[in-house]
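Every read-out reported here was derived from the displayed coordinates using simple, explicitly stated rules and does not represent laboratory data. Here the structure is a predicted model, which means the values were calculated and not measured. We place every Cβ from the backbone using ideal geometry, glycine too, and count neighbours over all the protein chains shown.
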Amino acid sequence: MFVSTLHTSPSHDGDLQDENLTMYRYHSSLPAMKQLSTLLYRTFGLTLAAIVAMVAVASGAPLSAQAQSNDDPDESEIRRNYSLYWEDFRNENYEMALPNLEWILEHAPHFPRDDDRNFRRAIEAYENLAQRTDDEEQRLDYIQRGIDILENAPERIRERELSHDEFRWMRIYGRFMQMFGRYVDDPPMTELDAYMAAYELDPERLDPYFIDRIIQGLIEKDRQEALDFMDQLEEVRTDDEVQQMITDVRDDLFESPEERYDFVKSRLENDPDNPELLEERYNLEERLGLRSEMYDTAERLLELQPTAQAYFDIGNMYLDDGEPDEAYTRFERALEQDDLSEELEIDIQFEMGTAQRQQGNLQQARSHFRNVLNLDSSQGRAYLAIGDLYTQAVADCEGPLEREDRAVYWLAVEYYERAKEADPGVSRSADQKINTFRQYFPTQEMIFFRDDWNPGESFRIDYGCYAWINETTTVRSPR
């Protein structure tokens, strides 16, 4: 719960030690009372403050709020009232503490250390009393009294030149309004106003929790104002937690990719060389199917970050759009980059083979697929690709399908079988291709009429349309 999270007693920081030092002389004058207080507390549940009150009444001494009006109270009266309220306050008997605390605020707000602690404690008291009561009218009264302190205390503190922290006061004000703002129709300052004031006083000091409250408050008020604030916040607070918060909130703000795209474009107008924004714009353009815009964004990214991956991504984009020559050029540039990894080089070589095949350059395509296998012999996709080159060579060769054409399928199927052995992950695709092209093997009659075709023996494919293949395969019986 928020209250428990923040209720680490901001008004108590270092106070207890001060109270013990300040009140030492007062309490040391009552040794008998201390002994009696222990006994009465154990027996009747009476606190020291109650005991002091009883003694004071019995001796005729004036008590806190019951005391006679005195514009210039002496030090003993100040100490007595302070001691009475502090004892109750630190034991969380806030209602008992209030009369004496309010007397101190009226007559000696500076006591004991010339700082703002008494005002802060008053806020804490009203805050806890408002939470605890079941009486709605009483709760509203406590809330209003707390707001009165929040509004009037800063001026009184400055007039008396008391030590204080304005940032801390704005945070306390914000917390109070966060808890009780719903009960106040027209507050002098809202939770958002107070936390924003604290941020403006010291943006580095404000905890991410309160920054999130500011952002959520601005979103409810005006989404664009929230976006503008996050733009400014992003520059000021570079810590990971706040940066992640900004990213998460921005992602949640937009209901559609179109809205997000418009937002990213608007940010790029102010920061055109931001590679992260450009990359996000590129991804959104891809998602929205804005191919022309993608090219512009991609080229801009290349100018800023000419990495192997960037060239590879753009090359794939050209390849997908049926421009293999442009793709191949980008792949060549990718291989020239210093950040090229072996894994990426394998992918680049494979796509270079694809680009060459799309241009009809089957021999050059095979060279790239062989490069893939030289880098990693387990790349089953490369074996499949070479087999496909050979079946395409048959399809591209003009004229009727002769037995010499059919012999090329022996070699193609051999590559499909190698693909299965190298990478079981491609087995299904390889089996489909094997079943498809096996039916086009030379028939038994065709084999019979060739003296150099004996099942199980080698045969070189190096003639006519297939001279560039120049590979040996094994004669196979039809099945």
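Things to note:
- Stokes-Einstein translational diffusion, the stretch 247-401 - Kirkwood Rh over all Cα pairs, 1.567 mPa s, 4 °C, in µm²/s: 74
- Rg/Rh for the stretch 132-171, where both radii come from Cα atoms and Rh is the Kirkwood radius: 1.14
- Every Cα-Cα pair in the stretch 377-479 was counted, and those over 20 Å apart are 36% of them.
- A Cα-only calculation for the chain places Rg and Dmax at 41.8, 137 Å.
- Across all directions, the shadow cast by the convex hull of the stretch 383-427 built on its C-alpha atoms averages 2.9 square nanometres.
- Relative contact order, percent, the chain [alpha-carbon distance under 8 Å, six or more residues apart]: 5
- The residues 346, 214, when put in order of fewest to most other Cβ atoms within 10 Å, stand as 346, 214.
- Footprinting exposure proxy for 420, 221 (fewest neighbouring C-beta atoms within 10 Å first): 221, 420
- Under the combined filter of DSSP loop state and at most 16 neighbouring Cβ atoms within 10 Å, the stretch 103-145 retains these trypsin sites (Lys or Arg not before Pro): 113.
- Cβ crowding within 10 Å, taken as a proxy for footprinting-reagent exposure, orders 423, 148 from fewest neighbours to most as 148, 423.
- Cα-based convex hull volume of the stretch 82-166 per residue, rounded to whole Å³: 87
- Size descriptor, Kirkwood hydrodynamic radius, that averages inverse alpha-carbon separations across the stretch 204-276, Å: 12.9
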